[in-house]
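The values are calculated or read from the model by the stated rules, or taken from the named source; none is laboratory data. Please read these numbers as outputs of a predicted model, since none were measured by experiment. FYI the Cβ positions are ideal-geometry reconstructions off the backbone, even for glycines, and counts take in every protein chain you see.
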Amino acid sequence: MRISRTLPVAAAVAAAGVLSLTAAPAQAAEYSSALKIKGVQYDAPGRDSNKCSGGNTKDEYLTIKNYSKTANVNLKGYKVKDAAGNTFTFTKSHTLQPGDYIKLRGGRGTDSDAKNVVYRQNCNFIWNNDKDTIYFYKPGGARADVHSYTKTANDRDGNGYINYHG
Ligand SMILES: [Ca+2]
Ligand SMILES: [Ca+2]
């Protein structure tokens, strides 16, 4: 239970039984992380080709955004994982200012703060075109965000992109 180490005094009092008036609304699927998954281009436009040269793995991406109004957050140590257990760890420092974002793209390329991009340095696709789950973990291993999708249920316009957070 995380109440004891993260909630301020007022909430801790409420949790102790004074009533739950100050408790956060129930949002079971949402996490309090500053960084969340903004959206995913799980199906790269065009026919999938995982060739490092001339393929389109770069067009498959996950957008991660800093939703904090005040805190800078370094991506170093954060991880993403798919339903099959394929994992990518952000090994380099990349600071996201409030409102800032990056696109984690497949394929090989040069990471750029100015261009808001980090490459997985892997030309294979990671996000399945039919259904998958996107896990996002903080450096300490706590879950920062998670979203499952299916093409039929979550991508009604069929453009291969799903938006999760504004
Ligand atoms: Ca895909
Ligand atoms: Ca869509």
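Yes/no per residue for (1) within 16 Å of ligand 1 (Cβ to nearest atom); (2) closer than 17 Å to Leu104 by Cα; (3) surrounded by 13 or more Cβ atoms within 10 Å (Cβ to Cβ); (4) of a type outside the set (Val, Ile, Thr):
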| position | (1), (2), (3), (4) |
| --- | --- |
| Tyr119 | yes, yes, yes, yes |
| Tyr137 | no, yes, yes, yes |
| Ala144 | no, yes, yes, yes |
| Tyr149 | yes, no, yes, yes |
| Thr152 | yes, no, no, no |
| Gly158 | yes, no, no, yes |
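Given the condition under 22 Å from Thr57 (Cβ atoms), of a type in the set (Phe, Trp, Tyr), in contact with a Pro (Cβ under 8 Å, 6 or more places away or on another chain) and part of a loop (DSSP other than H, G, I, E, B), answer yes or no: does some residue in segment 77-88 qualify? Yes, there is a match, as at least one residue in segment 77-88 is under 22 Å from Thr57 (Cβ atoms), of a type in the set (Phe, Trp, Tyr), in contact with a Pro (Cβ under 8 Å, 6 or more places away or on another chain) and part of a loop (DSSP other than H, G, I, E, B).
If you check Asn154, Asn129, Asn159 for being touching a Pro at 6+ places or on another chain (Cβ under 9 Å) and farther than 14 Å from Gly85 by Cα, only one passes: Asn159. The set of residues from segment 52-66 being buried (at least 18 other Cβ atoms within 10 Å of the Cβ), more than 16 Å from ligand 2 (Cβ to nearest atom), in a loop (DSSP other than H, G, I, E, B) and not small (Gly, Ala, Ser) comprises just one member, Asn56. Exactly one residue out of Ala28, Ala84, Ala71 is at pLDDT 95 or above and under 30 Å from Thr152 (Cβ atoms), and it is Ala84.
Out of curiosity, is Asp132 more than 13 Å from the chain's Cα centre (by Cα), surrounded by 17 or more Cβ atoms within 10 Å (Cβ to Cβ) and more than 11 Å from ligand 1 (Cβ to nearest atom)? No. All of (1) away from ligand 2 (no atom under 16 Å from the Cβ); (2) farther than 17 Å from Lys103 by Cβ; (3) surrounded by fewer than 16 Cβ atoms within 10 Å (Cβ to Cβ) hold for Ala114 with one exception: (2).
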